[in-house]
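I have placed the structure first, in the form of structure tokens, so that the comments after it can refer back to it.
The values are calculated or read from the model by the stated rules, or taken from the named source; none is laboratory data. Predicted model, so just to flag it, every value in this text is computed and none were measured. Neighbour counts are summed over all protein chains in view; Cβ atoms, including those assigned to glycine, are modelled from backbone coordinates with ideal geometry. Note: areas computed on protein heavy atoms with side chains; ligands, DNA, RNA excluded. Shrake-Rupley method; radii C 1.70, N 1.55, O 1.52, S 1.80 Å.
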Amino acid sequence: MAYATGMTLASRSIFPICSRTLSSPLRVASLLVFTEISSSTFFRRVQVPHFYSTSTTPLFSSAKCSVQSTSSPETVTQTVSRPNVVDILEERGLLESVTSENLRSASSDPKVAPLRVYCGFDPTAESLHLGNLLGIIVLSWFQRCGHQAVGLIGGATGRVGDPSGKSLERPELDADTLEKNISGIKKIIIKILGSNPSSSSSYMILNNYDWWKDMTMLEFLNKVGRFARVGTMMAKESVKKRLESEQGMSYTEFTYQLLQAYDFLHLFKNEGINVQIGGSDQWGNITAGTDLIRKILHTEEATYGLTFPLLLKNDGTKFGKSEDGAIWLSPSMLSPYKFYQYFFSVPDVDVIRFLKTLTFLSLDEIKILEDQMSKPGYVPNTAQIKLAEEVTRFVHGEEGLKEAIKATEALRPGAETKLDWNLIERIAEDIPSCSLPIDRVSGSSIVDLSVSAGLFESKSAARRMLKQGGFYMNNERVDDENKRVEEEDIVEGKGLVLSAGKKNKVVVRIS
């Protein structure tokens, strides 16, 4: 689980687990002179084979409400059958493991109250990124199937940093940065989960700083430490990998799994939250929570854990990184246009799988697209356009999608969309730009200007592209190498857009 964080721990607290002042310099290997044998745990891992159905018959049916009259006309017994969300996740390739198969029946049994499901998020940046999107999508599936989704922002655990999947300890962030990160992450979760039409009250956001801020170290040791077995903690995959590395692991990171485990205990005991979800690398942290709940509250399968596969491309590399870095979910860090373009560029070999995992399209509709891709007459990128539209709408809303489509159309060479300066300014954030004085633009040779603006390295390269029919100014093809920029070519007197082929563009501003 990756959590976000916020304010400084209360100065009166003596709890150093959440403070790097004391615990960070300590290395786990130096503390563990004696290592006890790992005790067996109560839960067992139920791994689910990944498959992608080619059947047009979905595994689940729509939610149904049936009303039956009893002997009294005033008395009505209502039976609500929920879609089985675990089956849905499995069918779409979003299920890796569950702590118990009983979660499957609990998710759809009308006699069982709706589940309350939470996922934690990391505070390392002001925005969540594409890697976090799967967690939000799984939460949304629970939400759409009649359960309550909970986003947990780690105002306390974010100070420690989850070692899962990390080769180095996370850098410490100052309080102001953490506050800004919390605010940004909260806005994203509210925007996405709050836009779900299923129910405006089917989600909530919590911050674990609220219950950690006043806990002292002695209280922590008494409440949690006595139930933790060092052998079991050492056996966690995230711990073993770090201990085997040259950098080792600090005591701060080693205790992270206990902090997350107590979060689950607190949420179950005080909020009735009974399911924790996370990526496959979170299995150890999640089961630490279910085990702690069993030991302290003496409950049998009262809580569940569910993990989903990490987002990978067909070649096994991580999906969610571009040449410019992470694919952020916040429009202030990555425009809806660039977000849309990332999914538009997904290769054919990955697009159907991503339609299943990243969208809420029916499997029937996805199967139709898959069949069309292998037939003559298929228009290239049709499936990619659908993927880009659905994911952009889910993350950025209808307005963000409209903005992305308008910018995409405007930047397409030969497009009929008339460019205005406001649109050019928006797309200039996502493509190279330069500023030149008016006397170096107006009246200049288009070939000279393209070299001055950095679109081409040489005039010969510019002339070659022009002869091939791939040179555009303001989306209009330039056929004459002797063409000079005229006053009416400068959009609103402020600048113009030069393009070489479909991808290489530059915005020329009048300085």
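Per-residue answers, yes or no, for (1) among the charged types (D, E, K, R); (2) at pLDDT below 90; (3) open to solvent by 60 Å² or more (accessible area, probe 1.4 Å):
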{"site": "293", "(1), (2), (3)": "no, no, no"}
{"site": "314", "(1), (2), (3)": "no, yes, yes"}
{"site": "324", "(1), (2), (3)": "yes, yes, yes"}
{"site": "335", "(1), (2), (3)": "no, yes, no"}
{"site": "349", "(1), (2), (3)": "no, no, yes"}
{"site": "352", "(1), (2), (3)": "no, no, no"}
{"site": "365", "(1), (2), (3)": "yes, no, yes"}
Looking for whichever is farther than 30 Å from residue 186 by Cα, in contact (Cβ under 8 Å) with a residue 12 or more places away in the chain and out of contact with any helix residue (DSSP H, G or I) (no Cβ under 7 Å at 6 or more places or on another chain) here; the options are 460, 511. Which one fits?
511
Selection within the range 466-511 - part of a loop (DSSP other than H, G, I, E, B) and of a type in the set (A, V, I, L, M):
478, 485, 490
Out of 180, 240, sole residue that is charged (D, E, K, R), open to solvent by 30 Å² or more (accessible area, probe 1.4 Å), free of Cβ contacts under 8 Å to residues at least 40 places away in the same chain and outside any strand (DSSP E or B):
240
Are any of the residues in the range 101-113 under 20 Å from residue 190 (Cα atoms), of a type in the set (A, V, I, L, M) and crowded, with 20+ Cβ neighbours inside 10 Å?
no
Checking the conditions here, which among 504, 482, 475 is in contact (Cβ under 8 Å) with a residue 60 or more places away in the chain and either in contact with a helix residue (DSSP H, G or I) (Cβ under 7 Å, 6 or more places away or on another chain) or of a type outside the set (D, E, K, R) (or both)?
475
Return the only residue of 105, 39 being modelled with pLDDT under 80 and either assigned to a loop (DSSP other than H, G, I, E, B) or farther than 30 Å from residue 329 by Cα (or both).
39
Counted residues, the range 485-505 - those being crowded, with 20+ Cβ neighbours inside 10 Å and touching a strand residue (DSSP E or B) at 6+ places or on another chain (Cβ under 6 Å)
6
Of 477, 393, the only residue that is under 28 Å from residue 335 (Cβ atoms), under 36 Å from the mean Cα position of the chain (by Cα), open to solvent by 30 Å² or more (accessible area, probe 1.4 Å) and of a type in the set (Lys, Arg) is 393
Among the residues listed as 369, 387, the single one being over 15 Å from the mean Cα position of the chain (by Cα), at pLDDT 90 or above, more than 30 Å from residue 106 (Cβ to Cβ) and crowded, with 20+ Cβ neighbours inside 10 Å:
387
Mind listing whichever residues of the range 418-442 are in a loop (DSSP other than H, G, I, E, B) and open to solvent by 40 Å² or more (accessible area, probe 1.4 Å)?
418, 420, 429, 432, 437, 442
Selected residue (only one of 282, 257 is within 26 Å of residue 151 (Cα to Cα), without any contact (Cβ under 8 Å) to a residue 40 or more places away in the chain and buried (at least 23 other Cβ atoms within 10 Å of the Cβ))
257
